[in-house]
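Any read-out appearing in this document is the output of simple, stated calculations on the displayed coordinates, not a laboratory observation. If you're wondering where the values come from, they're calculated on a predicted model, not measured in any experiment. Don't worry about glycine lacking a Cβ; one is built from the backbone with ideal geometry, like all the others, and counts go over all protein chains shown.
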Amino acid sequence: MAQRERTPHGADYPRKRTAIACEICRARRSKCDARKPACSKCVELEVECVYRKPNLWDREPVTAAATAALGKVDDRLDQIQDSIAALIEQVGSISRSSGGPLEYSSPLAFSPPNLSNFENIRGTFQGRAGPPSYGSLSSARPLGHRLPNLISFVAPSSLGPFSYDSSEQFFTGEVEQGNALFECIENFIASDVQADFSPQICWRLQRAFVSGFLRWMPIFGDETCLQHIQIASTSQFSGASPSSCMTLFMFAIGAMAADEHLYTEDLYQLPGFPYLALGYKILKDMRLPTGNICVYLSFAMRPVQSWHEINHVTRDCMLMLKTNWKSRDRADTDLKNRAFWVAYVIENELEVCLELPSSGIRTFQETLPLPTSPIEEEGMYFFLALISLRKLLAEVIETIGFKCRIPLLFLNEKLITKTAGHAIYVPIVAVELRNQILSWHDHLPVALQFPLDASPLFDLRRAHLRNQLFCLLSVIYWPFVLKHVEDSATQMEGTAENTVERAAVHERAKECLEWCILHLRASEGIMMQKTLVSHAALRAFYAILMVLLISYQPVQHQPPSPEIVIVIKRSLELLSMWDKVPFMREPIHRVCCFAAEAGILPPLKTP
């Protein structure tokens, strides 16, 4: 074998060049991983990564533009550091809680109480010792996830037995009412009774429909409304056409919106009932969507029937989005877009109040653009603000978190296991959610802006947005109330850090009560008149009043002041205006019992 020819000295040495830091890292004197085409630090800062050429004679001199770019990077980093420091200071010592995210467990209750079981529940909770159960924060929505109700928490025993669950009675009554309503509609159709279609009545109902519904949820424009009425009038409103069906439902909704009574129990005396029955007949014959019935039932305070009808619409919307639904006709596409968002808002508001599963329409909310209008359409800004507010509500609920199927309590030596909710105590997340809600308020259009106080607002749409904002802030701060009550019950002498943390929690709990008081004081206008959103407003008002009653003394460590007593008494008066609504009678009696126990009302007479 021929001897291998030796190469010059050093020729076989591996020529691997040492990594050269990029210009940004060299200027900042930080460690650079020298990745190509951009190092990790430049990718993180979202700046252009430039490497120095290895040959000194090919190196380009540092220009003034490069120096200016480096200066901008340094300024941006300083701003980020200042923002982080400000957020840490804002959260304070709360974010250093050693317990981590806490969950306060509760049974989910969305329906009126069963007063016959009230004493048993009271005794069970008063004898219950120890703090609420805890869990961990999860970003994923688990199976059985529900939206919360503020009155449904099983909290520390010092708050009292305010949670209840009698969903069977509630849904039994509502389903029976729904069956009776449609039976009355069938009887009316069979009787061949005619409705009033005089020009004066038609004009009044059309105007009431526009002001009572289209200004809240513009599912179509005023011109479209007028076109349907004109087409239907050519057949004397008796033709079996979509326009006739649409017009009859518009008249029914207009009659309901114009009615001054908060609730009508006699089904045959429901405002616009003849138009509803005639429209339903055409609807059933032509198999058209039932969204208009849902709106009418929302006005009539029939939430379960309204949820049943809107679910048909949401399923149609989801199927539509799975098809090539975008038409060449821009107007048709816009109408479908608006129909989706109207169904989204209505179902979301009903889902907050009812223990019923979502149809799944929220999974499509990021795939569909918001509704638009080629003209300055009245009501569109409010509709967009309402959509964004309902999205914020979903974010709050996802963060607060609700899970199900855990053992709750013992009643008569029997373990009760039901769907349960968990109020998660995560202070830094609560602060961020509060900032998002206040940012939403800051960016409202001028026509919808409102002060964060209880000054009267004669525009009920703005009043509704303000009440929803106050309610959301109360929900966000509710876990601080539970945490403070638990801290007060333990009475542990901790370190100075724990003392500061408890003081900060106490301040947040007081903020919850302040938002509750603002909500009650600002709700007078929206509570004294029937609107499209009366059901959601009524539920929120009752829940906030209950929270204030049970939480004021444990948080403030003193009885309610005379000013707070006046607010509570006025709130009870407003709530009593709705005692004709069947599913509100027992809750109103219940909240009056709490007020009597607190000494705000005289003792109630036992029936």
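Charge dipole (Cα centre; +1 on Lys/Arg Cβ, -1 on Asp/Glu Cβ; no other charges) of the stretch 215-294 amounts to roughly 340 debye.
Please label the shape of the stretch 187-327 as rounded, prolate or oblate, based on the square roots a ≥ b ≥ c of the eigenvalues of the alpha-carbon gyration tensor (a/c under 1.5 means rounded; beyond that, a/b larger than b/c means prolate, else oblate).
Details: a/c = 1.40, a/b = 1.23, b/c = 1.14.
In terms of gyration-tensor shape, rounded.
Annotation: amide H-H contacts under 5 Å for TYR425 (H modelled 1.01 Å from N, sequence separation of 5 or more, or interchain): LEU102, GLU103, TYR104. Here LEU368 and ASN498 are evaluated by their C-beta separation; at R0 = 41 Å the FRET efficiency comes out at 0.30. Placing one equal scatterer on every Cα of the stretch 499-587 and applying the Debye formula, the log10 ratio I(q)/I(0) at q = 0.19 Å⁻¹ is -0.87. With the cut-off at 1.5 for a/c, could you classify the stretch 164-203 from its C-alpha gyration tensor as rounded, prolate or oblate? Verdict is oblate for the stretch 164-203.
Sorted fewest first by neighbouring Cβ atoms within 10 angstrom, ARG461, ARG590 come out as ARG590, ARG461. Remark on the stretch 437-584: ratio of C-alpha radius of gyration to 2.2 N^0.38 Å is 1.15. Arranged from fewest to most other beta-carbon atoms within 10 Å of their beta carbon, THR323, THR224 become THR323, THR224.
When a footprinting reagent is the concern and you count Cβ atoms within 10 Å, what order do VAL295, VAL591 take, fewest first?
VAL591, VAL295
Under 5 Å between amide hydrogens, built in the peptide plane, is the criterion, and for CYS22 it picks out ALA34 among residues at least 5 positions away or on other chains.
Cross-link partners of LYS530 among aspartates and glutamates, defined as those whose alpha carbon lies under 13 angstrom from its own and excluding same-chain residues fewer than eight positions apart: ASP259, GLU260. Computed across the stretch 160-267, the Kirkwood radius stands at 16.3 Å (inverse of mean 1/r, all Cα pairs).
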